[in-house]
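Some notes on the structure that comes next.
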Amino acid sequence: MRKAIAEFLRTSYTCLLLVSPEIRRLEHAADELSATYPWPHLSLGRGLGSVFLPVIPRRRSREAQRWMKTRLGELSPGPVLCTEIDLLFEPTLELDPLRLLCDIGRITRLVVTWPGSYLHDLLAYAVPDHSHYRTWRNPEVYVTLLE
């Protein structure tokens with residue numbers, strides 16, 4: 001993982017996805033990165049969850065995008081370690097989480113723990129049986145698989 005981080009930091013990519021289907025592996029990677037690098041760490045799930053409480057459901061998508069751009073923009077230039085991204089995939093929000101992360105990455109470089117898989121240029125969130133399963137072909141981000 002450290003080699004992938006070093007390569008990412010030398011490139012012009014703005015977003016690095018650390019991909020694994022195992023949540024414990026992602027948590028371990030986040031802990032390791034937090035202990036190694038002085039980067040801010042932001043749990044998107046916790047942050048967005050607290051933002052959504054006073055917001056009516058039909059406005060949550062717009063509020064999610066606004067909050068993420070503002071909060072992550074405050075941490076520019078980054079990198080910022082983003083974890084617990086699951087809430088971004090809530091179908092009622094109608095977000096494209098990968099596009100949102102790429103857009104924000106232009107403001108603040110991101111390192112994101114991504115629960116899913118990456119094989120033959122196909123990035124997946126979750127597993128096929130999961131209700132929020134999504135895929136992207138040839139994502140325009142730096143992807144590394146965690147083993």
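The values are calculated or read from the model by the stated rules, or taken from the named source; none is laboratory data. Please read all numbers here as calculations on a predicted model, not as lab measurements. Quick reminder, even Gly has a Cβ in these numbers, built from the backbone with ideal geometry, and neighbours come from all protein chains shown.
Candidates in the range 76-87 are the residues that are hydrophobic (A, V, I, L, M, F, W, C) and at pLDDT 95 or above; of these, the one that is nearest to residue 125 (Cα to Cα) is 85. How many residues are of a type outside the set (Ser, Thr, Tyr) and surrounded by fewer than 18 Cβ atoms within 10 Å (Cβ to Cβ) when one looks only at the range 26-38? Number of matching residues: 6.
Residues that are among the basic types (Lys, Arg) and closer than 16 Å to residue 125 by Cα within the range 6-42 comprise 24, 25, listed in sequence order.
Taking the criterion of being surrounded by fewer than 18 Cβ atoms within 10 Å (Cβ to Cβ), part of a helix (DSSP H, G or I) and touching a residue at least 60 places away in the same chain (Cβ under 8 Å), the residues of the range 7-21 that qualify are 7, 9. The strands (runs of 3 or more DSSP E) found wholly in the range 86-147 and carrying at least 2 residues that are closer than 21 Å to residue 23 by Cα and aromatic (Phe, Trp, Tyr) occupy 110-119. For residue 78, the criteria (1) at positive phi; (2) part of a strand (DSSP E or B) hold in every case but one, which is (2). If the condition is being within 10 Å of the chain's Cα centre (by Cα) and in contact (Cβ under 8 Å) with a residue 60 or more places away in the chain, then the range 76-103 contributes 101, 102. A search for C-beta distances below 9 Å between a residue of the range 22-35 that is closer than 14 Å to residue 116 by Cβ and any residue that is surrounded by fewer than 14 Cβ atoms within 10 Å (Cβ to Cβ), counting only pairs 6+ apart in sequence or on different chains, returns 25/147.
For residue 63, the conditions (1) crowded, with 16+ Cβ neighbours inside 10 Å; (2) of a type outside the set (Lys, Arg); (3) in contact (Cβ under 8 Å) with a residue 40 or more places away in the chain all hold with the exception of (3).
Among the residues examined, residue 54 qualifies as at pLDDT below 95, in a loop (DSSP other than H, G, I, E, B) and out of contact with any Asp or Glu (no Cβ under 6 Å at 6 or more places or on another chain).
Evaluate the range 44-51: report whether one residue or more is without any contact (Cβ under 8 Å) to a residue 24 or more places away in the chain, surrounded by 15 or more Cβ atoms within 10 Å (Cβ to Cβ) and either among the hydroxyl-bearing types (Ser, Thr, Tyr) or assigned to a helix (DSSP H, G or I) (or both). Yes, some residue in the range 44-51 is without any contact (Cβ under 8 Å) to a residue 24 or more places away in the chain, surrounded by 15 or more Cβ atoms within 10 Å (Cβ to Cβ) and either among the hydroxyl-bearing types (Ser, Thr, Tyr) or assigned to a helix (DSSP H, G or I) (or both). Evaluated against (1) modelled with pLDDT of 95 or more; (2) in contact with a Pro (Cβ under 9 Å, 6 or more places away or on another chain), residue 112 falls short on exactly one condition, (2).
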